[in-house]
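Enquirer: Please read through the structure below; I'll follow up with questions.
Every read-out reported here was derived from the displayed coordinates using simple, explicitly stated rules and does not represent laboratory data. Model, not experiment: these values are computed from the prediction. No Cβ is skipped: glycine too gets one built from the backbone with ideal geometry, and neighbour counts run over all protein chains shown.
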Amino acid sequence: MASVGVQMMMVREKVEADGMLPVLERIAGMGYTSVEVSQVPMDETNVSALAKGRSDLGVAVAALSVALEKGPTATGDALDTDFEKVVDDCRRLDCSYLRIGMMPFSAMVTKQAVEDFARQCEDASQRLRAEGIQLAYHNHHVDFAKHDGEMLFDIVRRLSPSLHFEIDVHWVQRGGKNPVDVLRDFAGQVELVHLKDYRVATLPASAVELLAAGDRAGFSREFAGLVQFAEVGAGTLDFASIIPTAIDSGAEYLLVEQDELYGRDVYDCLADSIAHVRSLGY
């Protein structure tokens, strides 16, 4: 059975305020059995607390996050500057997976740029495999855009055959694809899956007021922004089909993530998400 875990970008402010171990205790108490570390400093304090959470609480570290290269939007650990540290962190935490959260924005613009990024991924993947670590790439909706008729996702997959993938079902839906179909297509290459629902909000009165005032551009922004991130089970995605398909495709970790909380407390959101997963028998 796959482990149900938390993507820690959701609780990064709690970690900063309360410390890593109390946060791990709180999410373990809800029934989560793993975490994926992202947007949390991998300093000695946090690494040690993650190790303690693993040994004392049974909270596995599903994956750590990494960039290929340090840069303006990649301020955490990067393989070009922190390779030895990243490998050591994985060994200390008994973690077999590293994940790239997004390709650099500059890599999205042209086919040549995507191809260059994909070749870098393959080099990094091969280097990490030699250390017993599997590199995975996490998708967004932009990965379903096309250059010369070929999706960015397919370019990366074609030119980085040893790379695996972390399928985010919300971003698959937002990219216009069926998450179940994509999970089946990536069977054998998808140990990490993000459980994130897709909600369409109701039109706010403020949007109608903008339209009445003649601000069509403002109304259009409000209307286009009705798609929201949601707690698992609070949106339109069919997790009764998604979760078994993910497991059949090789998922070892089902990681709850919600990019925006819309004023709710993060622990309340996490409690609702795992309650829905449990209601489906997992």
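Enquirer: List the relative contact order of the chain as a percent without decimals, with contacts defined as Cα pairs under 8 Å and 6+ residues apart. Intermediate values should be presented prior to the final figure.
Expert: Details: 485 pairs, mean separation 48.5, N = 282.
With pairs under 8 Å counted, the relative contact order is 17 percent.
Enquirer: Under a Cβ-Cβ cut-off of 12 Å, what is the net charge of the residues other than residue 106 that fall near it, where Lys and Arg count +1 and Asp and Glu count -1? If you can, show how the numbers build up before the last one.
Expert: Working: positive: none; negative: 69, 116.
Residues near residue 106 contribute -2 overall.
Enquirer: Can you give the Kirkwood hydrodynamic radius of the chain from its Cα pairs, in Å with one decimal?
Expert: Numbers: mean 1/r = 0.0509 Å⁻¹.
The Cα-based Kirkwood calculation yields 19.6 Å.
Enquirer: For every other residue with a beta carbon closer than 13 angstrom to the beta carbon of residue 207, add +1 if it is Lys or Arg and -1 if Asp or Glu, then tell me the sum. Intermediate values should be presented prior to the final figure.
Expert: On the way: positive: 216, 221; negative: 209, 215, 222.
Residues close to residue 207 contribute a combined charge of -1.
Enquirer: Determine the sum of side-chain charges near residue 159: Lys and Arg each +1, Asp and Glu each -1, restricted to other residues whose C-beta is under 12 angstrom from that of residue 159. Don't skip to the answer; put the middle values down first.
Expert: On the way: positive: 111, 119, 157, 158; negative: 115, 116, 122, 123, 150, 154.
Charge balance near residue 159 sits at -2.
Enquirer: Which pairs in the list 70/196; 52/196; 52/85; 14/196; 85/177; 85/111 are over 26 Å apart, alpha-carbon to alpha-carbon?
Expert: Numbers: 70/196 28 Å; 52/196 28 Å; 52/85 19 Å; 14/196 20 Å; 85/177 37 Å; 85/111 32 Å.
Check vs 26 Å cut-off fails for 70/196; 52/196; 85/177; 85/111.
Enquirer: Which whole-number percent gives the relative contact order of the stretch 1-114, counting Cα pairs below 8 Å spaced six or more residues apart?
Expert: On the way: 152 pairs, mean separation 25.2, N = 114.
The normalised contact order for the stretch 1-114 reaches 22 percent.
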